[in-house]
1. Output yes when any residue across segment 263-276 is in a helix (DSSP H, G or I) and under 13 Å from the mean Cα position of the chain (by Cα), and no when none is.
2. State all residues of segment 5-21 that are part of a strand (DSSP E or B), buried (at least 23 other Cβ atoms within 10 Å of the Cβ) and not hydroxyl-bearing (Ser, Thr, Tyr); if no residue qualifies, say none.
3. Of the conditions (1) under 17 Å from residue 94 (Cβ atoms); (2) surrounded by fewer than 17 Cβ atoms within 10 Å (Cβ to Cβ); (3) of a type in the set (S, T, N, Q), residue 204 clears all except one; give me its number.
4. Residues to consider are 129, 114; find the one that is in contact with a strand residue (DSSP E or B) (Cβ under 8 Å, 6 or more places away or on another chain) and of a type outside the set (D, E, K, R).
5. Just give me the residues in segment 216-231 being out of contact with any Pro (no Cβ under 8 Å at 6 or more places or on another chain), at pLDDT 95 or above and surrounded by fewer than 20 Cβ atoms within 10 Å (Cβ to Cβ), in sequence order.
6. Give all pairs with beta carbons closer than 6 Å in which a residue from segment 47-71 that is closer than 23 Å to residue 191 by Cα meets a residue that is outside any loop (DSSP other than H, G, I, E, B) and of a type in the set (Phe, Trp, Tyr); count only pairs at least 6 apart in sequence or on separate chains.
7. Of the residues 345, 358, which is aliphatic (A, V, I, L, M), in contact with a Leu (Cβ under 8 Å, 6 or more places away or on another chain) and either crowded, with 16+ Cβ neighbours inside 10 Å or in the same structural domain as residue 248 (by TED's automatic domain parsing) (or both)?
8. List every residue pair whose Cβ atoms lie under 6 Å apart, where the two residues are 6 or more positions apart in sequence or sit on different chains, the first residue falls within segment 407-426 and is farther than 22 Å from residue 375 by Cα, and the second residue, located anywhere, is in a helix (DSSP H, G or I).
Amino acid sequence: MTITTRFAPSPTGYLHVGGARTALFSWLYARKHGGKFILRIEDTDLERSTQESVDAILQGMAWLGLDYDEGPFYQTHRFDRYKEIIQQLVAQGDAYYCYCSKEELEQLRTEQMANKEKPRYNGKCRHDAAAVDGREPVIRFKNPVDGVVTIPDLVKGDITVANKELDDLIIARADGTPTYNLTVVVDDMDMGVTHVIRGDDHINNTPRQINILKALDANLPYYAHLPMILGADGARLSKRHGAVSVMQFRDDGYLPEALLNYLVRLGWSHGDQEIFSLDEMVGFFDLDAVNGSASAFNMEKLLWLNHQYIMNSDPAHVARHLSWHIGELGIDPTDGPELIDVVIAQRERSKTLVDMAAASLYFYKEFDSYDEKAAKKNFTTGSDTVLAHLHDEFATVTGWQSDRLHQIVIQLAETLGLNLGKVAQPLRVAVCGSAVSPAIDVTLALLGKEKTLNRIKRAINYIQS
């Protein structure tokens with residue numbers, strides 16, 4: 001048997017972190033077992049589905065690096081197949097036409113709730129209902145009334161539901177369009193899905209879907225219902241908790257690997273290990289290690305993890321992602337030092353790529369003004385003389401290398417009888433605009449000779465004005 005999983009989002013919004021975790025777990029399980037991972041777009045909700053949302057889902061999957069073997073498949077392209085299955089169910093007596101009006105159904109619901117009964121369809125049209133002139137019927141699945149349905153759940157264990165608790169759900173609307181519980185069954189059956197990995201908000205749908213699969217004499221997949229993700233306050237994760245869109249994490253300066261690493265640990269563990277390479281995730285992951293209880297999303301933990309990835313990932317990889325953020329600031333990254341070198345210089349102090357990009361702007365463009373506190377503290381009496389000496393020394397340098405520049409700063413401090421800070425800090429403020437930068441020799445090397453000399457001149461003029 002070829003293990004086949006799928007990720008099947010509805011294109012009614014962005015790709016959120018809960019969906020991303022579902023996609024990740026499905027992707028990992030397929031990769032772990034040498035199987036197939038399918039992307040399916042469940043776009044039958046014609047009123048709410050948008051191309052913008054489809055694009056957001058595809059963009060999120062691409063940014064995360066969750067490649068799919070088949071798809072994307074679109075349910076709106078498969079309406080003829082759904083119609084065929086619906087008519088098959090009607091023909092074999094497992095579905096029927098229902099002519100009940102909305103008013104009748106609403107009255108039934110009101111009465112049931114008044115009697116403290118579970119609202120459900122009462123099966124009025126289940127046995128040869130007469131057509132009603134001028135009223136288009138829906139089609140309902142004839143759910144078994146006896147026995148039980150057992151969900152073979154690989155996360156929560158077997159879940160058993162009595163058929164008498166399930167009503168006859170609608171599988172085709174009055175306009176002929178199929179409903180979710182029908183389309184997902186047909187797709188999983190046709191695509192050979194062996195393991196349905198999805199959020200536990202689908203548990204109520206699963207026994208109904210199993211009964212439809214049985215009516216179609218189809219193989220039953222295994223199910224793995226993942227617990228929900230909560231905010232720090234214990235409520236279900238939502239927009240009010242901050243960034244829940246996958247692409248918002250990109251915009252906020254997170255590396256995709258850091259987010260994947262964080263998501264895999266939301267409900268799954270491998271001993272006490274916290275940081276996993278993608279290969280390790282594939283190698284270690286299995287559904288039997290997924291926790292059945294909800295997990296809380298912790299932004300501070302994700303931020304820590306992101307910093308670890310920025311510090312320890314291949315600088316060339318980090319630079320590729322940093323380039324996007326530099327571009328968002330309107331900067332051409334070719335008009336300055338190589339981004340790889342910037343990453344190496346800035347990674348220790350940068351928790352996000354947004355931080356790194358903002359802290360590196362002075363390498364690529366002139367700053368408008370000096371940090372007020374830094375200038376007041378470091379541009380003091382005599383600092384212009386220090387900067388003038390540095391300018392003259394730097395002007396003679398032919399090989400603009402950090403070790404040579406470091407030597408000049410050290411020697412000048414000794415010659416003038418000053419501690420190193422009295423030389424390095426005015427220089428730092430002069431070339432960066434603030435008192436914060438990588439080591440001064442590294443900063444100067446990245447900045448280049450011309451920009452360094454010009455900015456020292458500018459600072460001298462500022463101090464003397």
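The values are calculated or read from the model by the stated rules, or taken from the named source; none is laboratory data. Computed from a predicted model, the values in this text were never measured in an experiment. As a convention, Cβ positions derive from the backbone with ideal geometry for all residues, glycine included, and neighbour counts pool all protein chains shown.
1. Among the residues of segment 263-276, at least one is in a helix (DSSP H, G or I) and under 13 Å from the mean Cα position of the chain (by Cα), which makes the answer yes.
2. Initial filter on segment 5-21 (part of a strand (DSSP E or B)): 5-7, 16.
From what is left, the residues that are buried (at least 23 other Cβ atoms within 10 Å of the Cβ) are 5-7.
Scanning segment 5-21 gives 6, 7.
3. That leaves (1) as the condition not met.
4. Numbers: 114 fails: in contact with a strand residue (DSSP E or B) (Cβ under 8 Å, 6 or more places away or on another chain).
Within the list 129, 114, the selection yields 129.
5. As a first pass, look at segment 216-231 and keep what is out of contact with any Pro (no Cβ under 8 Å at 6 or more places or on another chain): 216-219, 221, 224-231.
From the residues that got through so far, the ones that are at pLDDT 95 or above too are 216-219, 221, 224-226.
Residues satisfying the conditions are 216, 217, 218, 219.
6. From residues that are closer than 23 Å to residue 191 by Cα, the pairs are 66/27; 68/37; 69/37.
7. Details: 358 fails: either crowded, with 16+ Cβ neighbours inside 10 Å or in the same structural domain as residue 248 (by TED's automatic domain parsing) (or both).
Going through 345, 358 in turn, the sole match is 345.
8. 408/393
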